[in-house]
1. When Ile49 is evaluated against the numbered criteria (1) touching a Cys at 6+ places or on another chain (Cβ under 9 Å); (2) more than 23 Å from Leu3 (Cβ to Cβ), which criterion, by number, is the only one it fails?
2. Does the stretch 47-64 contain any residue that is within 16 Å of the ligand (Cβ to nearest atom) and either assigned to a helix (DSSP H, G or I) or modelled with pLDDT of 85 or more (or both)?
3. Quick check on this structure: which one of Ala76, Ala2 is surrounded by 10 or more Cβ atoms within 10 Å (Cβ to Cβ) and either among the hydrophobic types (A, V, I, L, M, F, W, C) or more than 13 Å from the ligand (Cβ to nearest atom) (or both)?
4. For Lys22, all conditions in the list (1) at pLDDT 90 or above; (2) more than 10 Å from the ligand (Cβ to nearest atom) hold save one; what is the number of the exception?
5. Please identify the pairs in which a residue from the stretch 18-31 that is closer than 11 Å to Lys5 by Cα has its Cβ atom under 9 Å from the Cβ atom of a residue that is in a helix (DSSP H, G or I), counting only partners at least 6 apart or on another chain.
6. Evaluate the following for Ser35: is it within 56 Å of the chain's Cα centre (by Cα), small (Gly, Ala, Ser), assigned to a loop (DSSP other than H, G, I, E, B) and at pLDDT below 90?
7. Can we say Ala115 is closer than 21 Å to Glu179 by Cβ, touching a residue at least 40 places away in the same chain (Cβ under 8 Å) and touching a Gly at 6+ places or on another chain (Cβ under 8 Å)?
8. Which residue out of Lys16, Lys22, Lys105, Lys99 is outside any helix (DSSP H, G or I), touching a strand residue (DSSP E or B) at 6+ places or on another chain (Cβ under 6 Å) and among the basic types (Lys, Arg)?
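The values are calculated or read from the model by the stated rules, or taken from the named source; none is laboratory data. Just so it is clear, the model here is predicted, and its values are computed rather than measured. Note that each Cβ is placed from the backbone with ideal geometry, even for glycine, and that neighbours are counted across all protein chains shown.
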Amino acid sequence: MALIKCSECGADVSEKALECPKCGCPLDITKQMMSDAKKRKNKQLYALITVIIAIIIVSVAGVFFVKHDNTPGDMAIRIIKKDFGSNISVESIYYNAEKNGCIVKFSANGEDNTATVHLDDKIAGYKSVMDEYTNKSKTSATEKEKTQYAQQLLDYMSVYDMLWEYDLLMNGTSEDGWEKIK
Ligand SMILES: [Zn+2]
């Protein structure tokens, strides 16, 4: 004979009894309350399971997309798009695993450009910037400006030294470590 606790006084009562022998509370009420509590617990359990399943699905999907969007070429293109907008057309990509960098030939707004992207520090250097400094250092009106632009050019090249590699690469002098990935 199973015993249940009276919801009024807490006494142990046979589940077959109609009312609590101690306080007279009808056992229907106790049984109803037990059943309600069980339903509530089940509901909470289902909600918890749903949340856990949702978290697992989102995590798996997240890992999948991050993995598939993180090849060196994809990363380089993403960085370039930040500056040039999403409407760029990529012509070729060279990757160097040792330098962890990409050289990307692309066109944006009808203009050809070349970017050297360092994947470690997520900075990109653009050949057009170097060309601009070179041009200004030659054609500026005053000597002071010429010197200024020449210095800017040197500063720029020291940061983006891979631009030199690009020149060597495109002239066919050196392809060491560079792999055409697109
Ligand atoms: Zn009772």
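1. Tallying (1) touching a Cys at 6+ places or on another chain (Cβ under 9 Å); (2) more than 23 Å from Leu3 (Cβ to Cβ), Ile49 fails exactly one: (1).
2. no
3. Result: Ala76 is the single residue among Ala76, Ala2 that is surrounded by 10 or more Cβ atoms within 10 Å (Cβ to Cβ) and either among the hydrophobic types (A, V, I, L, M, F, W, C) or more than 13 Å from the ligand (Cβ to nearest atom) (or both).
4. (2)
5. If the second residue must be in a helix (DSSP H, G or I), the pairs left are Cys20/Leu27; Cys20/Thr30.
6. Taking the combined requirement at face value, the residue does not satisfy it.
7. Details: closer than 21 Å to Glu179 by Cβ: yes; touching a residue at least 40 places away in the same chain (Cβ under 8 Å): no; touching a Gly at 6+ places or on another chain (Cβ under 8 Å): yes.
Spelling it out, it is not the case that Ala115 is closer than 21 Å to Glu179 by Cβ, touching a residue at least 40 places away in the same chain (Cβ under 8 Å) and touching a Gly at 6+ places or on another chain (Cβ under 8 Å).
8. Details: Lys16 fails: touching a strand residue (DSSP E or B) at 6+ places or on another chain (Cβ under 6 Å); Lys22 fails: touching a strand residue (DSSP E or B) at 6+ places or on another chain (Cβ under 6 Å); Lys99 fails: touching a strand residue (DSSP E or B) at 6+ places or on another chain (Cβ under 6 Å).
Exactly one residue qualifies, and that residue is Lys105.
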